[in-house]
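Remarks on the structure that follows.
Coordinate-derived values only; no laboratory data. Just so we're clear, the structure is a prediction, and the values are computed from it rather than from any experiment. Please note: Cβ atoms are built from the backbone with ideal geometry, for glycine as well, and neighbour counts cover all protein chains shown.
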Ligand SMILES: Cc1cc2nc3c(=O)[nH]c(=O)nc-3n(C[C@H](O)[C@H](O)[C@H](O)COP(=O)(O)O)c2cc1C
């Protein structure tokens, strides 16, 4: 089953975290996870994906304007019924990543996605809205990102296989 980790990244942090999340997802049987930047999308792969994880840098305590522009002008894929999840990077704790995640989730709901947080109910590490890393994350944050990818992939398998 295909799973896309789609991100915007200017200076590489969000791209790095996308790679870690995809690694976690690829640990799950039956999952083929791939990362792609919003400027370089494999149309066929995203259309065939049962799950799409979106990642953004935090800009002024929200998601990046490039991500917003992409949703408004280029998001021509049918995402309805696909599993959706989110992650963000920020420069400092309390930098607004939660709002970036919630705004992205709002857009994904509009597109008909089935949203999954990675789950506080799955125990530690708790994930409330999605994965967050300070820049590209310290060791603990990167481990959480990997577990997050694995959980989203497991949920996709549970729902769609
Ligand atoms: C225009 C702009 C606004 C930013 N605003 C915030 C912010 O509000 N809070 C924060 O923690 N980091 C902020 N940052 C830092 C980025 O979110 C952070 O460096 C991020 O990891 C960059 O991701 P990238 O390397 O994938 O581009 C901002 C960066 C830019 C360029």
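For segment 76-161, just say rounded, prolate or oblate: build the C-alpha gyration tensor, square-root its eigenvalues into a ≥ b ≥ c, call rounded for a/c under 1.5, and beyond that prolate if a/b exceeds b/c, oblate if not.
It comes out oblate by the Cα gyration axes.
In the chain, what % of DSSP beta bridges are antiparallel (nearest 5)? Could the numbers behind the result be given before it?
Numbers: 2 of 26 bridges.
Bridges in the chain are about 10 percent antiparallel.
P(r) for the chain, please, calculated from all Cα pair distances in 10 Å bins and given in %.
Percent of pairs per bin, in order: 12, 47, 36, 5.
Give me the one-decimal nm value for the distance between modelled label points at residue 121 and residue 139, 7 Å along each residue's Cα-to-Cβ direction.
About 3.3 nm, to one decimal.
Give the order of 6, 109 when sorted by the count of other beta carbons within 10 angstrom, beginning with the fewest.
109, 6
With just the Cα atoms defining each centre, how far is segment 19-78 from segment 90-123? Give it in Å.
Each part's Cα centre sits 13 Å from the other's.
For the residues 117, 80, what sequence is obtained by ranking on other C-beta atoms within 10 Å, fewest first?
Values: 117 21, 80 9.
Sorted ascending by nearby Cβ count, the order is 80, 117.
Sum -39500 (n - 2.57) across every DSSP H segment of at least 4 residues in the chain, then divide by the residue count to get the 222 nm mean residue ellipticity, nearest 500. Present the calculation step by step, with values, prior to reporting the outcome.
Numbers: 5 runs with 61 residues, N = 161.
Here the helix-only value at 222 nm equals -12000 deg cm²/dmol.
Quick one: order 160, 63 by neighbouring beta-carbon count within 10 Å, fewest to most.
Details: 160 13, 63 29.
The order, fewest Cβ neighbours first, is 160, 63.
If contacts are Cα pairs under 8 angstrom and at least 6 residues apart, what is the relative contact order of segment 2-160 in percent?
Relative contact order, segment 2-160: 29 percent.
Efficiency by 1/(1 + (r/R0)^6): what FRET value for residue 60 and residue 27, r their Cβ-Cβ distance, R0 = 30 Å, to the nearest 0.05?
Details: r = 35 Å, r/R0 = 1.16.
With R0 = 30 Å, the Cβ-Cβ based efficiency is 0.30.
Using a Förster radius of 35 Å, what is the FRET efficiency between residue 44 and residue 92 based on their Cβ-Cβ separation? Nearest 0.05, please. If you can, show how the numbers build up before the last one.
Details: r = 38 Å, r/R0 = 1.10.
The value I calculate is 0.35.
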